[in-house]
1. Looking at PRO185, PRO191, can you tell me which residue is over 22 Å from the mean Cα position of the chain (by Cα) and within 13 Å of ligand 2 (Cβ to nearest atom)?
2. Might you let me know whether region 202-217 holds any residue that is touching a residue at least 12 places away in the same chain (Cβ under 8 Å), out of contact with any helix residue (DSSP H, G or I) (no Cβ under 8 Å at 6 or more places or on another chain) and closer than 24 Å to GLU302 by Cβ?
3. Scan region 287-307 and tell me whether some residue there is part of a helix (DSSP H, G or I) and closer than 23 Å to ILE157 by Cβ.
4. State all residues of region 34-77 that are under 16 Å from the mean Cα position of the chain (by Cα), without any contact (Cβ under 8 Å) to a residue 60 or more places away in the chain and assigned to a helix (DSSP H, G or I); if no residue qualifies, say none.
5. Taking only region 162-191 into account, find how many residues are in contact with a Ser or Thr (Cβ under 7 Å, 6 or more places away or on another chain) and near ligand 1 (Cβ under 10 Å from one of its atoms).
6. Across region 285-318, what is the number of residues that are farther than 18 Å from TYR259 by Cα and away from ligand 1 (no atom under 13 Å from the Cβ)?
7. Can you confirm whether SER109 is surrounded by fewer than 17 Cβ atoms within 10 Å (Cβ to Cβ) and farther than 18 Å from PHE2 by Cα?
8. Among (1) crowded, with 19+ Cβ neighbours inside 10 Å; (2) in a helix (DSSP H, G or I), there is one condition ASN170 misses while meeting the rest; what is its number?
Amino acid sequence: MFKNIPQVLDAEQLIERALSKTRKIQMTDRNADYRAKKTIIARTESFSTVVTTLLEKYVKDFPSIETLPSFYQELIDIKIDTNKLKKSLGGIDWARKTCQMIYSKQARSLRKTKNVDFLKQKQREIYGRISSVVRQVNKELVLLAKAENIMRRFPDIHDIPTVVIAGYPNVGKSSLLRCLSKAKPKIAQYPFTTKEIHVGHIERKERYEIKRFQLIDTPGLLDRPLEKKNDIEKQAIAALTHLADVIVFILDPSETCGYNLMDQKNLLSQIKKMFKSSVFIIVENKVDFKKTRSKNLKICCETSEGIDAVIDEIFSNYNSNN
Ligand SMILES: Nc1nc2c(ncn2[C@@H]2O[C@H](COP(=O)(O)OP(=O)(O)OP(=O)(O)O)[C@@H](O)[C@H]2O)c(=O)[nH]1
Ligand SMILES: [Mg+2]
């Protein structure tokens, strides 16, 4: 989705790119003065064009934030800060217009004169003024480059029925995604292993229809108010808010995740209150360690015990989410 957003250069790289192009320009004319004049004019024009074209491309090719799916809009706000991003785009657009103005104001005087020294002086002046405008928006260019690197790594989310796997850290959310799909998120015995959203898919042919779900593995959530949640947790909340048709909530009654079951259940009640329109499938993992007598589905991601029942439960909710 974001693979094609432009690679943004910082101010010095952009100026160097424009300068290196000008160095390759050499006009021909039998008259040495004309040759020098033509070369200076062509180089100055090229310098200005390269700078303004790149600045324009950065702004134009950047995805329009308002028209993105709401999940991506929120991810941008969490990871980049939408206001800062918009200000940067505005700043870069200002720089493009200013550079264009500087060049167009001087271009005529360049063409009129025959004096090569005067031309050289004008050329230096134009290079200097344009470079100085570009340097003024270096911070904005750097922010845009950073934003673009973050956005290129955004998960590929599609508008299809979606299951979001949620729960406390270290309870086995990523392990479940591995059991259910071909996705290979990192699994480790410490909390907050997952820091980003991961996506997998599961499909099943029923009669003549292929039913497909998108599965989202989220970072762990703690039982604390929304305003206290960190940026990693906020991504899980964004996935639940914008994507979840079905929520698979994992509990770890063995508490080997490092958090007690009471806190995990409090989180579940909080999430249930927040996402009333989603279907909940509550799953207890790590039954090899501890099995309770509750009515929840019981699984073991290490042995795949109970996974088929989770799959059946997910697909039993397919039609209602179509
Ligand atoms: N014994 C046992 N260990 C399990 C089971 N499922 C997961 N684990 C282990 O629990 C630990 C955490 O698993 P993850 O899948 O990384 O848990 P997570 O919920 O994704 O963790 P975060 O991304 O940190 O929130 C790992 O060491 C897993 O090997 C299980 O059914 N039984
Ligand atoms: Mg994980």
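The values are calculated or read from the model by the stated rules, or taken from the named source; none is laboratory data. This structure is a prediction, so every number in the text was calculated from the model and none was measured. Cβ placement follows ideal geometry from the backbone for every residue including glycine, while neighbour counts extend to all protein chains displayed.
1. Values: PRO185 fails: over 22 Å from the mean Cα position of the chain (by Cα).
Answer to the selection: PRO191.
2. So in region 202-217, the residues touching a residue at least 12 places away in the same chain (Cβ under 8 Å) come out as 202, 204, 206, 211-217.
Then drop every residue that is not out of contact with any helix residue (DSSP H, G or I) (no Cβ under 8 Å at 6 or more places or on another chain), which leaves 212, 214.
Still in the list and also closer than 24 Å to GLU302 by Cβ: none.
There is no residue in region 202-217 that is touching a residue at least 12 places away in the same chain (Cβ under 8 Å), out of contact with any helix residue (DSSP H, G or I) (no Cβ under 8 Å at 6 or more places or on another chain) and closer than 24 Å to GLU302 by Cβ.
3. Step one: list which residues in region 287-307 are part of a helix (DSSP H, G or I), which gives 307.
From the residues that got through so far, the ones that are closer than 23 Å to ILE157 by Cβ too are none.
The answer is no, given that none of the residues of region 287-307 is part of a helix (DSSP H, G or I) and closer than 23 Å to ILE157 by Cβ.
4. Residues satisfying the conditions are ILE65, GLU66, THR67, GLN73, ASP77.
5. Kept after step one, since they are in contact with a Ser or Thr (Cβ under 7 Å, 6 or more places away or on another chain), are these residues of region 162-191: 164-166, 173-174, 179, 185-187.
Among the residues that remain, those that are also near ligand 1 (Cβ under 10 Å from one of its atoms) are: 165-166, 173-174, 179, 185-187.
Total satisfying the criteria: 8.
6. Looking only at that region, the number is 14.
7. On the way: surrounded by fewer than 17 Cβ atoms within 10 Å (Cβ to Cβ): yes; farther than 18 Å from PHE2 by Cα: yes.
Spelling it out, SER109 is indeed surrounded by fewer than 17 Cβ atoms within 10 Å (Cβ to Cβ) and farther than 18 Å from PHE2 by Cα.
8. Every listed condition holds for ASN170 apart from (2).
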